[in-house]
1. Please go through segment 535-555 and give me each residue that is on the phi < 0 side of the Ramachandran plot, of a type outside the set (Asp, Glu) and assigned to a strand (DSSP E or B), ordered by number.
2. Cβ-Cβ under 8 Å, sequence separation 6+ or interchain: first residue in segment 549-569 and within 30 Å of ASN206 (Cα to Cα), partner polar (S, T, N, Q) and at pLDDT 85 or above. Which pairs?
3. Do we find a residue being part of a strand (DSSP E or B), under 30 Å from ASP353 (Cα atoms) and hydrophobic (A, V, I, L, M, F, W, C) anywhere in segment 473-488?
4. Could you pull out the residue among PHE303, PHE396 that is part of a strand (DSSP E or B) and more than 24 Å from PRO608 (Cα to Cα)?
5. Mind checking which residues of segment 261-274 are closer than 30 Å to PHE229 by Cβ and exposed (fewer than 15 other Cβ atoms within 10 Å of the Cβ)?
6. How many residues does segment 460-491 hold that are closer than 21 Å to ASN426 by Cα and at pLDDT below 90?
7. Checking the structure you have, find out if any residue of segment 168-186 is surrounded by fewer than 19 Cβ atoms within 10 Å (Cβ to Cβ) and closer than 30 Å to GLY222 by Cα.
8. Return yes or no: is ASP521 crowded, with 16+ Cβ neighbours inside 10 Å and not basic (Lys, Arg)?
Amino acid sequence: MYRYLILFLFVTTIATAQNPDSLKRVTHEKDSIRYTNLKMRMSKTKFSKAVYRLLFRDVYNQGKVSEVKEIEKNPFTPYEGMVIRNIVIHQLNMLGESVYDTTRKGNRLERFLSKNFHTNTREGIIRKSFLLFSEGDDIRAQVLKDNERLLRSNKLITDARILVIPRQDVTWMADVVVLIQDAWSLNFSGGFSSFNKFHIGLNNINANGTTHSQLTAIRWDGRDTLQKFQFRTIYTVPYIGKTFITGQASFIYERDLKEQSIRFFRPFLTTETKYAGAAEAGSLRQRHYKRNILDAKQPIPLFETKYNYYDMWLGRSFKFPFKNTILSENSRLVTAVRYNNYKYLDRPPVSADSNKIYWNRSALLFSLGYSNRNYKRDVLIYGFGRTEDVPVGNLFSLTIGKEKTEYGQRGYAGLQYATGNYLPHNLGYMYLLFNTGSYYQSGEARQGVISGQMNYISNLIPFRYSFFRQFLTLRYTHGIDRDAYDYLNISRDQGIRGIYSDQLIGTKRFTIGTETVFFSDKSLLGFRIAYFVFADLGLVNGVGRLRDSPLYQGYGLGLRLRNENLTFNTFQIHFGYYPNIPGNSSTMRFGAAGNVPLRLRDFDISAPSIVPLQ
């Protein structure tokens, strides 16, 4: 009994800082034997049973994995054309409840934290700014499906579901119920090594339920000879009124980055969105630590750049005229125009043949694109149980334009193609991307890029009492006539994860990354666990040929912890082995950090843009 008392004191101490996760619908029919035995031992008394309920949670016990996938077809189609009489907003507790099991109410601790430490998004704001439909509208199945997806994609919301309930008294009318579960809004970050070196941050992503977010962070290092005090604040107002326009203001005063900017933007949120665009202006100063690719073994030079800029674009989508076809439902033609201007105040020396990325310039770009977008629901891809909307479709875009620089004018042309879909015979999901673009001056290609990428994600594969997925990524990039400070680095998320070397640089690269992720069937203190093993291989040319590059390698394993109700980054611990990374003092590396959750690429077309070298 004493061991349970000690365990309870430990749990309640941690529970004040971390929040239990809500149960989701993903499941397996059998519990793990080890947890079942533990549950039996700790169920003999009310006290030990309460301790178990605080510590452990059966993650996959609210339905079957196929439950979400069974809704791949539009569930609102049977109600097409019915009139919406009432819209009911039902906001679930932040913890303990589920949009797929509204009968569950959570334990006392979950209810206490949800009621006393979080303010739900105001119902009036949801009705005014988050819904694409109103009372009295005819039900349009695609609109409701898109709206449900948009709610889930918002970082303020953990999960959402829309239900249509036909009325019994009037057969041509229906009520619409919107189930919403907020994410934890108040997040702290920080670190302390001494009173002479510390940092602290506060990010409130839903201040008092208004959906406004404010990030404020400070850092102090008394031994830094360049800048001791650092500060940043970013304020965001999403979905202003009924416009779906988001506004954002930033002020950053840091050692290597100083920025003041304001931005308003509205993407093509759905296939029904006719207009999209953005307007942005600001001033930015950066401190760079970059090697010269022509002599990569020399010490890294330090230089600063400062520039003022403004950037704006406007796009219009058009339906295809072919009625009663797939093209009329999900495909759009999109035209867009963009104008931007960059004026440098500080920069390294430039000339007609060097450091072209730091030229003063203005560009006018036009694009014409085709987009076909749809989504299928899935789970346990990059999330840890939340519903994930997997993009399925195609994208083709052509961009042309002209850039005026201090060394004359030059033309630009770019092409992008992307496709993604589930493979037949339950073989998984495949995404392909091809990008190419280049400036043209005097009949020659300048600062060009050719790149391609393939992502493969296997179906969920049962493994004992849980599941795993296999991920595979291939990337190829070829830079054309790039500057000495304009190059690729295949470290970190650009190739060999878990390591950084400023000598892994070049204008051509080829990388292969593979990862196997095992999703645990239990959670600890609301944090779900995923174990992974990975292997990364990469070639980068330096100044020579790509085939002459050594095969750089990284292998490792680790685990990830995440609570989907919290907006903290996923916490990751990993151990890696890197046999031949240049400048690396050890072949073994251990790391612990927070990672931003990944999302699958969509097929929406945005601003006409210059293909980046990355």
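1. The answer is ALA535, LEU537, GLY538, LEU539, VAL540, TYR552, GLN553, GLY554, TYR555.
2. LEU559/GLN572; ARG560/GLN572; LEU561/GLN572; ASN565/GLN181; THR567/ASN203
3. So the first thing to find is which residues in segment 473-488 are part of a strand (DSSP E or B), and the list is 473-480, 488.
Right, trim to under 30 Å from ASP353 (Cα atoms) and you get 475-480, 488.
If we keep only those that are hydrophobic (A, V, I, L, M, F, W, C) too, we end up with 480, 488.
Yes, that holds for at least one residue.
4. On the way: PHE396 fails: more than 24 Å from PRO608 (Cα to Cα).
Answer to the selection: PHE303.
5. Passing the criteria: only ILE262.
6. So the answer is 9.
7. yes
8. Working: crowded, with 16+ Cβ neighbours inside 10 Å: yes; not basic (Lys, Arg): yes.
Criteria met by ASP521.
The values are calculated or read from the model by the stated rules, or taken from the named source; none is laboratory data. In this text, all values refer to a predicted model and were calculated from it rather than measured experimentally. Positions of Cβ are backbone-derived with ideal geometry, glycine not excepted, and every protein chain shown enters the neighbour counts.
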